[in-house]
């Protein structure tokens, strides 16, 4: 797959399909991007599992924090990575050891590792790199345009109400 550009349908399909998200590198510091993304996804109705060995056993936003992916007590649909690119191969190895396998590995802005992505894709896992699910959700749902940002999405369709705080969901094509 070409990871330089993603079709809106690919991204919206992922964001509509997943229900559980593990955030590797989640922070308890409320000014860190991983904290805000965790809060946003919780508010949109996703079940979020923070993963951070330094915070394991504590809570972030009322959710228990796990030391590693294998510690999470239920299947994960998506793994969102807030770690440096060099850490991605090890995280993909953790992902590939899970049963069942997650549907998606998503790496945050500036995080990319093509070899690890190819390994995940070979196992049937969708991959998104160098993107933020919070930004993509806001862009595809039209929320980002509330702040005057061009979402590059034009639609006359009425958004469908979805579970979560101020959530109109991702537009279906």
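The values are calculated or read from the model by the stated rules, or taken from the named source; none is laboratory data. From a predicted model like this one, the values you see are computed outputs, not experimental measurements. Using ideal geometry, Cβ is built from the backbone for each residue, glycine included, and neighbour counts are taken over all protein chains shown.
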(request) Confirm whether residue 117 is at pLDDT 95 or above, over 25 Å from residue 9 (Cβ atoms) and within 18 Å of the chain's Cα centre (by Cα). (result) no
(request) Among the candidates 76, 11, single out the residue that is part of a helix (DSSP H, G or I), at pLDDT 95 or above and within 20 Å of residue 129 (Cα to Cα). (result) 11
(request) Identify the residue in segment 29-41 that is buried (at least 19 other Cβ atoms within 10 Å of the Cβ) and either modelled with pLDDT under 95 or touching a helix residue (DSSP H, G or I) at 6+ places or on another chain (Cβ under 9 Å) (or both) and, among all such residues, is nearest to residue 73 (Cα to Cα). (result) 41
(request) For segment 45-64, enumerate the residues that are under 19 Å from residue 107 (Cα atoms) and surrounded by 15 or more Cβ atoms within 10 Å (Cβ to Cβ). (result) 46, 47, 48, 49, 50, 51, 52
(request) Filter segment 84-102 down to residues that are touching a strand residue (DSSP E or B) at 6+ places or on another chain (Cβ under 6 Å) and in a loop (DSSP other than H, G, I, E, B), then give me how many there are. (result) 1
(request) Could you tell me which residue of segment 10-28 is surrounded by the fewest Cβ atoms within 10 Å (Cβ to Cβ), considering only residues that are more than 20 Å from residue 94 (Cβ to Cβ) and touching a helix residue (DSSP H, G or I) at 6+ places or on another chain (Cβ under 7 Å)? (result) 28
(message) Which condition from (1) farther than 20 Å from residue 116 by Cβ; (2) in a helix (DSSP H, G or I); (3) out of contact with any strand residue (DSSP E or B) (no Cβ under 8 Å at 6 or more places or on another chain) is the one that residue 29 breaks?
(response) (2)
(message) I'd like the full set of residues that are more than 23 Å from residue 37 (Cβ to Cβ) and either free of Cβ contacts under 8 Å to residues at least 12 places away in the same chain or surrounded by 12 or more Cβ atoms within 10 Å (Cβ to Cβ) (or both), limited to segment 96-113.
(response) 96, 99
